[in-house]
Amino acid sequence: MSISAQVMPPLLREGDRLTREEFLRRWDAMPGLKRAELSNGVVHTPSPVSDVHNVYHFRLSYWLGVYATGTPGCEGGVAGTWLMANDSSPQPDLDLRILREYGGQSWIEGQYPAGAPELIIEISHTTSTRDSGEKLKLYERSGVREYLIVRPKSQRLIWRELVNGKYREIAPEPDGTLHSRTFPGLWLEPAALWQANLDGLAAVVRRGLESQEHAAFLAKLKR
């Protein structure tokens, strides 16, 4: 009696052109792989994460966590794989979504979130071309309602909202803070972010959580 050897799928490689189904099949066969994306049918395997990217990832995770803790019905994610389009499975740095049972636009399909989260954040330290190019177009056409690009090198924030199917930049408030339109009360103080002032980041969000807009949002989520 002959025993046939199990044939493993090929490894994921930078630049491969695959369907989403084939991408996920190869991903599942590589349990040691931590980062890989499929964007418009093309595989991208990011380089090792720099310290700059790492520290901003932490600061922004903390900021989102303060908001999500005070906003039942919303949930944040870090570097998760999304089933976003037939030819794309991006892995955004951070996301914030309204849960399906609270009226959100995304859902869970197997072990992955599917559709589009309401907010995506990309830390654009060495990936500015992709983040402002093909990823922006992917998120725009997939219905990601807000997209925040953080550029540590130039200390610049670009926060966009989806209006009639196209992204439009959100202007700062008179005091310099940035306010989400999709998540009322999610306020960001740029200076606190650049200066690693976690107390300052949290204080501004907590002011947002005490606003009338956030109270109205909570009432809407409960309904």
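All of the numbers you see were taken from the coordinates with simple rules; none came from a lab. All figures in this text were calculated on a predicted structure; none of them were measured in a lab. All Cβ positions, glycine included, derive from the backbone under ideal geometry; neighbour counts span all protein chains shown.
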So what's the chain giving for Rg/Rh, alpha carbon basis, Kirkwood Rh from the mean inverse pair distance? 1.01
Fewest-first sequence of F58, F23 by Cβ atoms within 10 Å of each Cβ: F58, F23
Between helix 212-222 and the chain, what is the angle of the helix's C-alpha long axis to the longest principal axis, kept within 0 to 90° and rounded to the nearest 10? 40 degrees
What ranking do L157, L64, L209, L38 get, fewest neighbouring Cβ atoms within 10 angstrom at the top? L157, L209, L64, L38
Shape descriptor, region 100-223: equivalent ellipsoid semi-axes (Cα gyration tensor, sqrt 5λ, whole Å, largest first) stand at 23, 22, 13
At a 10 Å Cβ-Cβ cut-off, how would you order V144, V163, fewest neighbours first? V163, V144
